Structure formats: structure tokens, C-alpha cells
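Structure record follows, encoded as C-alpha cells.
The values are calculated or read from the model by the stated rules, or taken from the named source; none is laboratory data. Remember, predicted model here, so these are calculated numbers, not experimental data. All Cβ positions, even for glycine, are placed from backbone atoms using ideal geometry, and neighbour counts span all protein chains on display.
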């Protein structure tokens, strides 16, 4: 029971594989664009594609495939997915922009931070869209 059920849960693994795939793609994009290996992209927020979008759309697509698009669980997942994607492109992106502005302000004053605020928090709409496409593909074919 317990852990055995989790190990056999296709929906869970589709979501995890989509998330890992998005994070791996971020590392590859960094290698290509910046000519350096940055393993922190494997667990860091922000970037192309959105791993948040990939995770929730893979879960939702897999649930739709298994249970059907007319089921209440699919509707719940769709709403959850929309909230996560809106948050990634809206609220978290705005927080990243605010962090960047605060960091710039502190660079030009005598006040000092212990560390800079993280600026790469959210996603552009394109990053969210690409994460969603990745997640849907993995969710449908898993």
C-alpha cells in the first residue's frame, strides 16, 4: 500500500517528469546562451520553459486522458492549472521586477543588504506557454 501506490501513480510521475524535463531544458538553454554550465537552473525559479506550467499541465492532461474531460476532477485540475500559470506569469513575475528595482535602488545608496533579492522569480507569457505545451505533451503521451 502507501509508497507502492505512489510508485505506480502515472499521474504523479507524468507531472514529475514534466517538471524535471523543463528544469533540464533550462540548463541546456543556459549552456547554449551563456556558454556555461549552471546547475542551479535545475532547481531555480524562472526561465524558459516554465516548470510550474509543465508540472500542472502534465498532471491535468494525464487526468483528462485517464478519467475523461467531463469529470469533476479534470475541472478542478484545470482551475488549479490556470491559477498556477497566472501566478507564474503575473504575480511572481511582478515580484521579480520589484526585486530588480529594489536591488538597483540599493546599489546607489549607502544602505546595504546581507544579500541581493532574487530577481528571477516569474515567467514571461511565452515561457508559461512553452512549459504548458511541454507538460501537455508529456501528460498525453505518458
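Residues to consider are 37, 11; find the one that is surrounded by 17 or more Cβ atoms within 10 Å (Cβ to Cβ) and over 20 Å from residue 129 (Cβ atoms). Reasoning before the result, please.
Values: 37 fails: surrounded by 17 or more Cβ atoms within 10 Å (Cβ to Cβ).
One residue alone meets the criteria, 11.
Residues checked against (1) more than 20 Å from residue 20 (Cβ to Cβ); (2) modelled with pLDDT under 85; (3) under 19 Å from the mean Cα position of the chain (by Cα):
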residue	(1), (2), (3)
42	no, yes, yes
52	no, no, yes
58	no, no, yes
62	no, no, yes
71	yes, no, no
82	yes, no, yes
Residue, nearest to residue 48 (Cα to Cα), within the stretch 89-98, restricted to residues that are surrounded by 14 or more Cβ atoms within 10 Å (Cβ to Cβ) and at pLDDT below 70:
93
With the structure loaded, tell me whether residue 107 is modelled with pLDDT of 70 or more and under 18 Å from residue 54 (Cβ atoms) or whether it fails that test.
no
